[in-house]
There are 2 protein chains.
Amino acid sequence: MTAFNRQIQLAAKPFGVPKESDFKLVESPMPEPAEGQVLVRTNYLTVDPYMRGLISGAKSYQKPVRPGDLMVGGTVGRVIKSRTPGRKEGDVVVGYWGWQEYAAISGDHGHLFDTKLAPMSTGLGVLGMPGLTAYFGLTEIGKPKAGETVLVTSAAGAVGSIVGQIAKIIGCRVAGCAGSKEKIDYVLGELGLDAAFNYKDTENHLGQIREACPAGVDVYFDNVGGTVSDAALLKINQGARIVLCGQIDQYNATEMPTGPRLLFQLIIKGARMEGFLVNQFVDRRDEAVRKLAEWLKSGRLKYRETITDGIENAPKAFIGLFKGENIGKQLVRVAKE
Amino acid sequence: MTAFNRQIQLAAKPFGVPKESDFKLVESPMPEPAEGQVLVRTNYLTVDPYMRGLISGAKSYQKPVRPGDLMVGGTVGRVIKSRTPGRKEGDVVVGYWGWQEYAAISGDHGHLFDTKLAPMSTGLGVLGMPGLTAYFGLTEIGKPKAGETVLVTSAAGAVGSIVGQIAKIIGCRVAGCAGSKEKIDYVLGELGLDAAFNYKDTENHLGQIREACPAGVDVYFDNVGGTVSDAALLKINQGARIVLCGQIDQYNATEMPTGPRLLFQLIIKGARMEGFLVNQFVDRRDEAVRKLAEWLKSGRLKYRETITDGIENAPKAFIGLFKGENIGKQLVRVAKE
């Protein structure tokens with residue numbers, strides 16, 4: 001064990017796409033757990049697009065991260081010292097102690113992760129927040145029925161890749177949108193989607209969607225926003241559901257992005273557009289994890305991780321999200337298991 | 001009875017705000033009802049914003065009206081000759097036989113209107129399509145609860161004026177947006193809304209909504225779209241519902257209107273935006289009419305009509321909708337009762 005803890009702090013509020021210099025690596029004394037706490041060692045931390053909002057200084061659903069603050073975010077690691085009866089050394093905890101190698105956290109922070117289900121890294125991916133987001137967003141907001149067409153953006157991403165596969169399990173025709181040939185190959189070949197297109201190939205997204213979804217779109221699961229969403233809105237069917245999960249296309253905007261006013265489409269199609277945060281469903285986590293783990297075990301659900309080693313590379317991994325560098329869940333391995 | 005029927009046809013596809021020359025008054029032979037039909041004499045016809053879409057040539061939820069076609073739209077009148085056992089002379093029928101003085105219609109076209117409930121003109125207003133639109137849009141899509149804040153645009157209009165009053169009956173705090181001092185006085189004084197603002201007073205709609213809805217907006221019932229809606233979206237509360245009923249702000253656009261991309265608001269607020277057409281609820285018309293008629297009788301629901309005389313003035317009345325000339329339901333009286 002090192003004598004020091006290392007953590008990543010926000011150095012400056014980013015303008016546009018974050019730069020590595022917007023973050024700094026800081027050494028601090030090793031934390032010491034108080035009575036009722038445990039000391040955890042971080043094995044993985046997750047970088048997610050939503051964090052761009054947290055460091056923007058804008059009012060949102062969560063406390064913003066200001067320059068000088070520890071970067072927040074999901075983490076998984078093992079208890080290495082316990083001062084609470086509920087948790088023991090070796091327990092794997094999924095929590096939210098931020099971008100640091102060690103943390104002294106309350107004995108009831110986060111939740112225990114069962115490594116018999118899957119490797120601990122999945123506690124930040126398919127069996128964690130992104131998996132739950134996909135599961136509840138699709139089934140509770142999108143409510144697809146067998147035979148309907150589902151279109152998902154960021155189809156090779158942490159959430160989108162799970163959405164597409166669950167929609168297939170439900171019996172839908174599923175089309176995916178992604179940003180590279182490698183990703184298209186992945187969603188068609190490995191995930192088994194029915195159609196996929198690379199939005200970088202052309203600006204004619206309407207044509208791409210028409211081809212990928214010849215029967216129109218019943219459920220549009222959107223992680224991206226922007227011009228692909230504009231086109232999708234023009235191809236929705238009567239009674240369509242649009243699940244607003246993310247709008248990564250706009251997170252780095254330096255001025256208010258504009259686009260066509262298309263909401264009349266929702267009127268003539270009697271369609272619903274709904275945003276959600278996975279927190280709304282947090283008390284049903286066990287149900288979702290059980291279901292997702294079952295599908296993993298039976299081979300019906302696959303996942304991929306893109307792993308970057310070293311806490312010092314967390315900013316780079318985070319910035320990579322906005323360049324579309326990852327397939328599946330982007331994680332940072334802080335310490336080998 | 002005249003020997004001729006007179007009708008308004010579309011003369012040309014309008015560009016931008018329709019002009020009177022986009023319509024023409026045509027004489028045609030008096031229609032003769034066949035077996036199973038009735039001859040009706042039109043007393044009132046209704047002009048509604050949605051008709052702008054029908055004459056634009058764009059694909060929509062209803063067959064478009066092309067140059068040379070009879071203008072379609074809701075009508076109310078009396079049977080003057082019946083060749084079907086189900087309807088007799090003097091019956092008042094609410095139907096959809098278009099902008100003409102007489103029509104030979106099938107015996108099962110439209111529905112009978114009970115003039116003991118209210119004058120027949122209300123069959124095109126508070127007890128007709130606009131009333132049902134308000135009733136179902138608010139209660140089934142908006143689902144406001146007592147104590148919540150409802151904001152409605154076109155608050156003095158045919159639909160908005162009913163929405164605001166039903167929301168008051170439900171026990172909400174209700175704010176209205178309209179486009180003249182006279183309308184503001186009407187919604188505050190006669191309809192009893194809690195707050196109202198004239199969107200023409202300033203471009204700072206955010207400030208207007210902040211003042212009118214100090215606790216934020218739980219249900220936004222939108223008939224208008226555009227910049228007021230942009231501001232409303234920034235003031236919605238957690239779990240808000242946005243009822244998309246109309247987007248009159250955009251119906252005369254000659255190129256695609258653009259605006260800020262604000263859908264991220266729906267994500268961070270876990271909010272729902274839903275469009276609808278009153279047709280979805282047509283099999284529940286009796287329920288709504290009964291409820292609305294009860295409220296009318298008890299004085300809890302008020303309505304106003306703006307009446308233009310003469311079928312030849314129907315185009316002018318229609319065009320007036322886009323200039324905000326009417327308070328309450330705009331009707332054209334084709335024949336005195």
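Readers should treat all values here as calculations from the given coordinates under stated rules, not as data from a laboratory. Fair warning: this is a prediction, and the values are worked out from it, not measured in the lab. Reconstructed Cβ throughout: ideal geometry from the backbone, glycine too, with neighbour counts over all protein chains shown.
Some points to look at:
- Ascending count of other beta-carbon atoms within 10 Å, so fewest first, for B:GLU305, B:GLU203, B:GLU312: B:GLU203, B:GLU312, B:GLU305
- Value of [θ]222 nm, deg cm²/dmol, for chain B, DSSP H segments ≥ 4, -39500 (n - 2.57) each, nearest 500: -5500 deg cm²/dmol
- Backbone geometry of the range B:55-71 corresponds, through the Karplus equation with coefficients 6.51, -1.76 and 1.60 at θ = phi - 60°, to 3J(HN,Hα) couplings of 9, 8, x, 6, 5, 8, 7, 9, 4, x, 9, 10, x, x, 7, 4, 5 Hz, x marking Gly and Pro.
- Counted by neighbouring Cβ atoms within 10 Å, the residues A:VAL152, B:VAL92 run from fewest to most as B:VAL92, A:VAL152.
- Working note: Cα gyration tensor of the range A:145-200, eigenvalues times five, square-rooted, sorted largest first, giving semi-axes of 17, 10, 9 Å.
- Cα-based shape type of the range B:3-46, given that a ≥ b ≥ c are square roots of the gyration tensor eigenvalues and the cut on a/c is 1.5: prolate
- The order of A:HIS109, A:HIS205, going from fewest to most other C-beta atoms within 10 Å of their C-beta, is A:HIS109, A:HIS205.
- For B:ILE236, residues with placed amide H under 5 Å, excluding near neighbours: B:VAL217
- Normalising the average separation of contacting C-alpha pairs (under 8 angstrom, six or more residues apart) by the number of residues puts the relative contact order of the range A:91-170 at 23 percent.
- Projecting label points 7 angstrom from Cα along Cα→Cβ for B:GLU35 and B:ASP283 puts them 3.2 nm apart.
- Averaging the sequence gap over all C-alpha pairs within less than 8 Å and six or more residues apart, then dividing by the number of residues, gives the range A:41-121 a relative contact order of 29 percent.
- Candidate cross-link partners of B:LYS88 among the lysines, defined by an alpha-carbon separation under 19 Å and a same-chain spacing of 8 or more, comprise B:LYS116.
- Applying the Karplus relation 6.51 cos²θ - 1.76 cosθ + 1.60 with θ = phi - 60° to the range A:328-337 yields 3J(HN,Hα) values of x, 7, 8, 10, 10, 8, 8, 8, 5, 6 Hz, where x marks Gly and Pro.
- Choice from A:PRO260, A:PRO144, A:PRO49 showing the highest fluctuation, given a GNM over chain A with Cα pairs closer than 10 Å: A:PRO260
- Here's how it looks for B:ASP309: its modeled amide H is under 5 Å from those of B:ARG333, which are all 5 or more places away or on a different chain.
- Trypsin sites (Lys or Arg not before Pro) within the range A:1-106, DSSP loop, no more than 12 other Cβ atoms inside 10 Å: A:LYS59, A:LYS88
- Pairwise alpha-carbon distances in the range A:298-337 exceed 16 Å for 39% of all pairs.
- A DSSP coil position with no more than 15 other Cβ atoms inside 10 Å describes the following chymotrypsin sites (Phe, Trp or Tyr not before Pro) in the range B:88-178: B:TYR96.
- Per-residue mean of C-beta atoms belonging to partner chains within 10 Å, peptide B:271-281: 5
- Value of relative contact order over the range B:248-337, rounded to a whole percent, pairs C-alpha under 8 Å and six or more apart: 22
- Student exercise, chain A dipole from Lys, Arg, Asp, Glu Cβ charges, in Debye to nearest 20: 360
- In the protein assembly as shown, one over the average inverse separation of all distinct C-alpha pairs is 27.8 Å, which is the Kirkwood hydrodynamic radius.
- Listed by chain and number, the aspartates and glutamates placed with their C-alpha closer than 16 angstrom to that of B:LYS13 are B:ASP22, B:ASP69, B:GLU255; residues fewer than eight positions away on the same chain are left out.
- Stokes-Einstein diffusion for the range A:180-337 at 20 °C, viscosity 1.002 mPa s, with a Kirkwood radius from C-alpha pairs, works out to 118 µm²/s.
- Cβ-Cβ FRET estimate between B:SER106 and B:SER21, R0 fixed at 35 Å, reported to 0.05: 0.55
- Pairs of Lys residues in the range A:230-337 are counted when their Cα atoms are under 16 angstrom apart and they lie 8 or more places apart or on different chains; the count is 4.
- Extension gain from B:GLU190 to B:SER298, taking 0.36 nm per residue of separation minus the Cα-Cα distance: 37.4 nm
- Computed from backbone phi with θ = phi - 60° and the Karplus coefficients 6.51, -1.76 and 1.60, the 3J(HN,Hα) list for the range B:223-235 is 9, 10, x, x, 5, 5, 5, 4, 5, 4, 4, 7, 10 Hz; x is used for glycine and proline.
- Candidates per chymotrypsin sites (Phe, Trp or Tyr not before Pro) in the range B:288-337, loop by DSSP, up to 10 other Cβ within 10 Å: none
- Residues whose placed amide H lies under 5 Å from that of A:ARG261, excluding near-sequence neighbours: B:THR258, B:GLY259
- Computed from the C-alpha gyration tensor, the three semi-axes of the ellipsoid equivalent to chain B are 36, 22, 17 Å, from longest to shortest.
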